[in-house]
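Below is one structure, written out as structure tokens; the observations come after it.
Since every read-out is calculated from the coordinates, none of them should be taken as a lab result. Here the structure is a predicted model, which means the values were calculated and not measured. Here the Cβ positions follow ideal geometry from the backbone for every residue, glycine too, while neighbour counts run over all protein chains shown.
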Amino acid sequence: MTTAVPGATVTRKRRWPRRLALTLPLATLAIVALLHFGVLPWFDRKANAVLDPGPYPVDTASARLHRNAFVADLHADALLWGRDLRRRNDYGQVDLPRLVEGGVDLQVFSVVSQVPRGLNYLRNRGDSDSLPLLFIASLRAPSTWFDARRRALAQAAELRALAAATPLTLVTTRGDLDVDGIKGLLALEGMHALGDTADTVEEFVNAGFRMFGLAHFFDNAFAGSAHGVEKYGLTPIGRRLIPRLESLGITVDLAHASPAAIRDTLALATRPVVVSHGGVAATCPGPRNLDDAQLRAIADNGGVVGIGYWPGAICGRNIDAILRAIRHVIDVAGINHVGLGSDFDGYVSTPFDTRGLPRLTEALLRTGYTEDEVRAILGGNVRRVLAANLPS
């Protein structure tokens, strides 16, 4: 029994720390749920808009040719958004059901691992990052929130899991190109994800990557970016890395690379390169679109230029603008050096989603290209380059 002392002040134990300990996790869960179920789908829908949602009817001859051709798209960022790609989504531009409906044989799935704040085409530093909130909202592991390397490897693991759970074949060897059905190839968009050394290259190769982009929106330890501050060429470590990548069966991607880095790479490369997604300066002037000298140099290398579908690549919002860019590459570099590089789900608006590709086939035929030429544009050229580079 406790006896109160007259005149003493009784101090009651405060309970607010305990209440706070219960309230904070609940508030955090509520915020994450709002981000995941509300903000992220809204932003995804806005960022990856489809100007014509379909349907996309085409004539019988175009449908037949498209169905029988090897159709390849060199670049899509669908992995970034954390969507369930097994099911048809009513927003965004790529998922497996729509790839099947669009007659796609090979989709290159690019992995974005860092995006600077204040993103622009002209000048970006590499010391900021706008992706943590997206990776939190998409319920990725906390280890990925602030680490470009872990983000890249996590997205690779997601594509491997998708391939294990669906008919999708992950392309890691030359023979995988011949497997029936839809195929996916992993591409790294910017070698900043490797860190400051090349010691982690094998880790990425073992994770399934078979295409490496030199740079994304900022300069890195290996190469300058067309959108970076210094826009330098290959660094000494970058020069040593090119032959190493070739020996490992990796296709080098020059999209987003600075003009100096493009020049340096083509001087070293002994295997065909790609420019996975972009445009040409003759039809759409811009800091990352290729001039005619670059187109000829890529043709001399045996490489392929993938034409994108968004306004920054083609200065238009319809199929005619895509055709103008394709036509110019053919006129300058030849029919064997052009392909498709949509940049679907890359924070861009496009005239159609991946189901609309037969319309592009129809437009190419109407323009006057032969069936063999259309097959080369749709994916024959891409298949040739990948077959030349992939390990056997």
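The Kirkwood radius of segment 151-273, taken over pairs of alpha-carbon atoms, gives through the Stokes-Einstein law at 20 °C and 1.002 mPa s a diffusion coefficient of 144 µm² s⁻¹.
The modelled label-to-label distance between THR370 and ALA30, using points 7 Å beyond Cα along the C-beta direction, is 6.8 nm. Between ASP52 and PHE352, the built amide H atoms are under 5 Å apart, and every one of these is 5 or more places off in sequence or on another chain. Local charge for ALA297 was computed over the other residues whose Cβ lies under 13 Å away, with Lys and Arg +1 and Asp and Glu -1, and equals -2.
Taking amide H as placed 1.01 Å from N in the peptide plane, the amide H of ALA223 sits under 5 Å from that of THR235, each at least 5 places away or on another chain. Going from the fewest other Cβ atoms within 10 Å to the most, the residues TRP310, TRP42 appear in the order TRP42, TRP310. For segment 148-191, the gyration tensor built on C-alpha atoms gives an oblate shape. Its axis ratio a/c (a ≥ b ≥ c) is at least 1.5, and a/b is not larger than b/c.
Under the shape rule built on the C-alpha gyration tensor, where the axes satisfy a ≥ b ≥ c, segment 239-388 is prolate, since a/c reaches at least 1.5 and a/b is greater than b/c. Against the chain, whose longest principal axis comes from its Cα atoms, helix 292-301 is set at around 80 degrees. For the chain, the longest principal axis of the Cα atoms and the long axis of helix 236-247 meet at an angle of about 70 degrees.
Would you mind computing the Rg to Rh ratio of the chain from its alpha-carbon coordinates, Kirkwood style for Rh?
1.09
Cα centroids of segment 167-204 and segment 350-391: 21 Å apart. Per-residue ellipticity at 222 nm computed for the chain from its helices equals -11000 deg cm²/dmol, with DSSP H segments shorter than 4 residues left out and the rest contributing -39,500 (n - 2.57). Largest GNM mean-square fluctuation across ARG64, ARG83, ARG98, computed for the chain with C-alpha springs under 10 Å, falls on ARG64. Applying 1/(1 + (r/R0)^6) with R0 = 30 Å to the Cβ-Cβ distance of GLU230 and THR270 gives a FRET efficiency near 0.65.
Here the average projected area of the convex hull drawn through the C-alpha atoms of segment 106-187 stands at 6.8 nm².
Springs between Cα atoms under 10 Å define the GNM used for the chain, and in it the highest mean-square fluctuation of LEU29, LEU122, LEU290 occurs at LEU29.
Computed from Cα positions, the angle between helix 357-367 and the longest principal axis of the chain comes to roughly 30 degrees.
Which percent, nearest 5, of DSSP beta bridges in the chain are antiparallel?
Numbers: 2 of 30 bridges.
Just about 5 percent of them are antiparallel.
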